[in-house]
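To start, the structure itself, in structure tokens.
The values are calculated or read from the model by the stated rules, or taken from the named source; none is laboratory data. None of these values were measured; they are calculated from a predicted model. Glycine also receives a Cβ, built like all others from the backbone with ideal geometry; neighbour counts cover every protein chain displayed.
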Amino acid sequence: MAISLGFRHGVHPPEEKELTNQLPIRRMPYPDELVLPLRQHAGKPAKLCVKVGDHVERGDTVGEADGFMSVPIHASAAGTVVDIDWWPHPDGSMAEAVRIKVDRYAPHIPRPRLVPQWEGLSTDEVVRAVQNAGVVGLGGAAFPTHVKLAPPKDAHVHTLIINGAECEPYLTSDHRTMVEYAPRVLFGIRVMMRALGVTKSVVGIERNKPDAIAAMIAAVPADLDVEILPLTVKYPQGAEKMLIKAVTGVEVPSGQLPVTVGVVVQNVGSVAAIAEVFETGLPLVERIVTVSGHGLRRPANLIVPVGTKLRDLLAFCDGVTADAAEVIVGGPMMGQAVANLDAPVLKGTTGVVVLQKDEMRQEQTWACIHCGRCLDACPVFLNPSMLGDLARVRRYDEMAEAHLADCMLCGSCAYVCPSNIPLAQLFQASKAALRRQLATVQ
Amino acid sequence: MNESMPPRLIVTASPHLKPADSTPRIMWNVVWSLVPVIVAAAWFFGVSALLVIAAATLGAIAAERVFGRGGSLADGSAAITGLLLGLTLPAGMPLWMVFLGGAFGIGFGKAVWGGLGQNVFNPALVGRAFLQASFPVAITTWPTVGGSFFSLKGDLFVAPFMHPVVNAVTSATPLGLLKFEGKGSALASLVIGNRGGSIGETAALVILAGGVYLASRNYLNWRIPASILLTVAAFSAIVHAIDPSKPDAMFMLFSGGLMLGAVYMATDMVTSPVTNGGRWVFGVGVGILVVVIRIWGGLPEGVMYAILFMNALVPFINRATQPRVFGTTPRATT
């Protein structure tokens, strides 16, 4: 078996995966109401194409792709559009959303559709089919998947890397996908390799998922050059640039995309979603979500219809414990805490984690004592200590010179900071301030 | 509202998990690691040592209480300053001077810079430099080790600004003996610590053990003491080889305040570099300066000034040793 070259630095937060990593994926029943924000992916939001009162079947388009950097949104259950209005988004903002009253007696069978025969399709047709199915990166960033399948003409992609690292604590949705749907993941890899014209693919999986590694190795077909590569258990192993470094030993140049080093990275869940498109023709209307945390009564891995409100999702898991304090969409390292449980599960929602008060970041902070632990943690070798000092006095230009743009907000620095300085938050705010500055200059 | 839903949600920025360590825990661990050093000091110098350490610590804590931000005593950093200052002083030093030194170290070594994390110079050494400049006789009056535990060394309780009556039996430090009288000392007495010198600098092995404990828990960075001690050993070995009348490496390592300085003073996180490369540079710089001052300087001991001098260079060292950012070529990071 090949050896991962690894990446330097990084942190080891408690994994907490044993809460759900042996629980089979189950299907959550349809809730009474679905909320489908038109902004669920990176790029342009979808364009609304239904009106109040319309009846939709499962899989019908409710928002169309608005250009190439956009994907459509589909109804995840049959029902009636009851409202189109601003609605709480998990990121804390309000977003235009389509609310669908689910028809409780409908069979939720999608309309008959042609399943594209992938072997006969050109690359462009595969890209279009993936876009029409609304597939985005299911690892959290929700970047439109078809864009990655259409690299620039001058790029020479030689390797497709599949991200099965799943380094965020608590999350096990990719883990269970690989254990239970390994053949489907490999079918998706086959389709993508053909679309990209590559002959080599590597699936990177952290060593703490031996059953997923075994299931994937067993499912690799003889005619496909797919390597299953066990990776060091270290956060942020699943960050795109760290994964590429660990698999190929190459650093993606600062400010550049992975294609510049001949690599395309896709998340395990996205690959499975692509497989589904070419197996059944069903667009992305549901996803696997890990619902976990010590503040939750019954953790689970669930197939959840996109648009399910967090409130309904938590209620299906028997609700939260008395000392639950924070609900996070995504993992506890990079996820977003929500203030309103009416916000829905989106295409990019990897998990919902309920934390208890005593495991949460506390309010009290101390002065930076320049211990340098953040420097030893930062996977991109920044100096978070200095950047934090600069952020407090709003010297954003100097932060930009110190490579703030290379910070991916993984939170490793803040996690190791003994003074509990919210470094990732400071950097996020500084990035936003720099964008505003740039906007005023232009 | 469903009964199973939290009544009140807390929203924090990511990462949401509590960090594994805290600054007060680091500071108090340093304090606890000094306990064996203090016990050794009491063994050699009796109750006088404890009184001097207590006076220095009280001075530091009083200053922190007056000048520090609310609750800043709880982080333990003022206690460290006081304890370390006390350990660098002779056991017979009048207590009012010691108290003043502790207060000066915190007031001018830390508070005026903006408190914890902001100061450029090690506060304990600022306090000691102040005492050295103000009371040069008292700070170089070294009582002998031994005697009964409760016998007071020197004139501890002299009233402020009264002329102390030096009535104690004093002895020179090994470094002083060497510099001013050309006499060597037995290595065993240096390592074990039953020799003249400051309260806490004599028991080299106990200090080293404290350092190993702290380094194993990542509460101090091993690169700094390692580079200081290696540099002092290598540099003085070269000098000794060229001119055998100069002290050898073992003598240099185990005499004076080098061990205490390398393990506890130079490793102060606030006043040492944040980059690992910078820590090597810093340690090598301290090591070279220690040897230069001891061998060619006018003073028998140079650890304090070596560290203070390198403290001043830390911002430049940090700037010059920034790590190469991921995905950049070394040239592009300038």
I need the full set of residues from the stretch A:326-335 which are within 7 Å of another protein chain (Cβ to nearest Cβ) and either modelled with pLDDT under 90 or within 14 Å of the chain's Cα centre (by Cα) (or both), in order please.
A:Ile328, A:Pro332, A:Met333, A:Met334, A:Gly335
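Give the stretch A:350-393 a look and list any residue that's part of a helix (DSSP H, G or I), facing chain B (nearest Cβ under 7 Å) and more than 24 Å from B:Ala266 (Cα to Cα), or say none. Full working, then the answer.
Narrowing the stretch A:350-393 to residues part of a helix (DSSP H, G or I): A:357-359, A:373-377, A:384-392.
Now narrow it down to the ones that are facing chain B (nearest Cβ under 7 Å): A:359, A:375, A:385.
A:Glu359, the sole residue that qualifies.
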Test: B:Met269 is hydrophobic (A, V, I, L, M, F, W, C) and assigned to a helix (DSSP H, G or I):
no
Of the conditions (1) more than 28 Å from the chain's Cα centre (by Cα); (2) closer than 28 Å to B:Thr321 by Cα; (3) in a loop (DSSP other than H, G, I, E, B), the single one that A:Asn420 does not satisfy is (1)
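Within the stretch A:112-130, which residues are aliphatic (A, V, I, L, M), assigned to a helix (DSSP H, G or I) and either under 14 Å from A:Gly197 (Cα atoms) or more than 25 Å from the chain's Cα centre (by Cα) (or both)?
Pass one, the stretch A:112-130, residues aliphatic (A, V, I, L, M): A:114-115, A:121, A:126-127, A:129-130.
Filter once more, keeping what is assigned to a helix (DSSP H, G or I): A:126-127, A:129-130.
Across the stretch A:112-130, the qualifying residues are A:Val126, A:Val127.
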Just one of (1) modelled with pLDDT of 95 or more; (2) in contact with an Asp or Glu (Cβ under 9 Å, 6 or more places away or on another chain) trips up A:Pro384, so point out which.
(2)
Name the residue that is farthest from the chain's Cα centre (by Cα), counting only residues in the stretch A:336-349 that are facing chain B (nearest Cβ under 9 Å) and part of a strand (DSSP E or B).
A:Ala337
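Only helices (runs of 4 or more DSSP H) wholly contained in the stretch A:194-299 count here; list those with 3 or more residues that are without any contact (Cβ under 8 Å) to a residue 40 or more places away in the chain and surrounded by fewer than 24 Cβ atoms within 10 Å (Cβ to Cβ). Give the derivation first.
Numbers: elements: A:210-219, A:240-248, A:268-279.
Ranges flagged: A:210-219.
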So in the stretch B:268-302, with the set limited to residues that are over 22 Å from B:Asn218 (Cα atoms) and charged (D, E, K, R), which one is farthest from the other protein chains (Cβ to nearest Cβ)?
B:Arg294
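Which of the residues belonging to the stretch A:296-325 are within 27 Å of A:Pro45 (Cβ to Cβ) and at the interface with chain B (Cβ under 10 Å from one of its Cβ atoms)? Walk me through it before giving the result.
If we filter the stretch A:296-325 for residues that are within 27 Å of A:Pro45 (Cβ to Cβ), which is where we start, we get A:302-314.
Those that are within 27 Å of A:Pro45 (Cβ to Cβ) and at the interface with chain B (Cβ under 10 Å from one of its Cβ atoms): A:Leu310, A:Arg311, A:Asp312, A:Leu314.
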Where the second residue is in a helix (DSSP H, G or I) and not hydroxyl-bearing (Ser, Thr, Tyr) and the first is more than 15 Å from B:Leu125 (Cβ to Cβ) and lies in the stretch B:306-320, which pairs have Cβ atoms under 7 Å and are six or more apart or on separate chains?
B:Ile317/B:Gly278; B:Ile317/B:Val281; B:Ile317/B:Phe282; B:Asn318/B:Gly278
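Residue by residue through the stretch A:303-325, note down the ones that are in a strand (DSSP E or B) and modelled with pLDDT under 95.
Within the stretch A:303-325, A:Val320, A:Ala324, A:Ala325 qualify.
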When only residues in the stretch B:107-132 that are touching a Phe, Trp or Tyr at 6+ places or on another chain (Cβ under 7 Å) and part of a helix (DSSP H, G or I) count, which is nearest to the other protein chains (Cβ to nearest Cβ)?
B:Ala111
On the basis of being of a type in the set (A, V, I, L, M, F, W, C) and within 9 Å of chain B (Cβ to nearest Cβ), does A:Leu409 make the cut?
yes
Within the stretch B:155-171, can one find any residue that is at pLDDT below 90, assigned to a loop (DSSP other than H, G, I, E, B) and either under 24 Å from the mean Cα position of the chain (by Cα) or closer than 30 Å to B:Pro24 by Cα (or both)?
yes
